[in-house]
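Trainee: Got a structure for you, written out below as structure tokens; questions coming shortly.
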Amino acid sequence: MVKNYRVAAGSALLILAACAQESDGSAGGDTSNQETVAPVESSEGILVIQMSDDMTFGPEHVLIHLGDTLVWIQEGALPHTTSNGPGKAAVPEHSLLPEGAEPWDSGLLVPGQGFSVVFDTTGEYTYLCKIHEAAGMVGRITVR
Ligand SMILES: [Cu+2]
């Protein structure tokens with residue numbers, strides 16, 4: 001009984017050590033990296049978001065101020081949209097607006113084209129590319 005107990009305790013220590021190594025390693029590091037990515041903030045009333053062939057909005061999360069202008073620029077070869085509002089998203093969480101805010105829809109932007117929106121309602125926005133929503137082309141805007 002005593003011997004079995006010692007073996008079990010030793011195994012438990014090994015498991016604890018393995019768990020501690022895991023949480024200090026890549027798994028824990030990845031999680032904290034994702035949570036600590038700060039939004040890119042506008043300066044002088046404007047911020048540019050790039051749409052490219054990797055099917056992302058860059059930066060994906062922006063922090064702007066009341067009255068600021070966001071400009072989306074289409075820099076890839078693939079067509080994209082910046083869109084928001086009722087009926088635009090297959091997944092409702094990909095199209096969110098603060099109460100009273102106006103939705104927008106750029107329509108298809110071909111390479112070199114841009115589209116801008118002035119934000120006059122504070123809150124959290126989520127928008128998408130209507131063509132690449134399923135590929136994860138979703139962006140976030142915080143207006144303060
Ligand atoms: Cu797109």
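Where a number appears in this text, it was derived from the coordinates with a stated rule and is not lab data. Remember, it's a predicted structure, so these values are computed and weren't measured experimentally. Neighbour counts run over all protein chains shown; Cβ positions are idealised from the backbone, glycine included.
Trainee: Residues with beta-carbon under 10 Å from that of residue 138, excluding residue 138: net charge, scoring Lys, Arg +1 and Asp, Glu -1?
Mentor: -2
Trainee: Just add up the charged neighbours of residue 96: K/R +1, D/E -1, any other residue whose Cβ is under 12 Å from the Cβ of residue 96.
Mentor: Neighbour charge sum, excluding residue 96 itself: -1.
Trainee: How many nm separate the modelled label positions at residue 60 and residue 116, each set 7 Å beyond the Cα in the direction of the Cβ?
Mentor: So the label points at residue 60 and residue 116 sit 2.7 nm apart.
Trainee: Just the number: Rg to Rh for region 40-143, Cα atoms, Kirkwood Rh, two decimals.
Mentor: Ratio of gyration radius to Kirkwood radius: 0.93.
Trainee: Less than 14 Å Cβ to Cβ from residue 58, Lys/Arg counted +1 and Asp/Glu -1: what total charge do the surrounding residues give?
Mentor: -3
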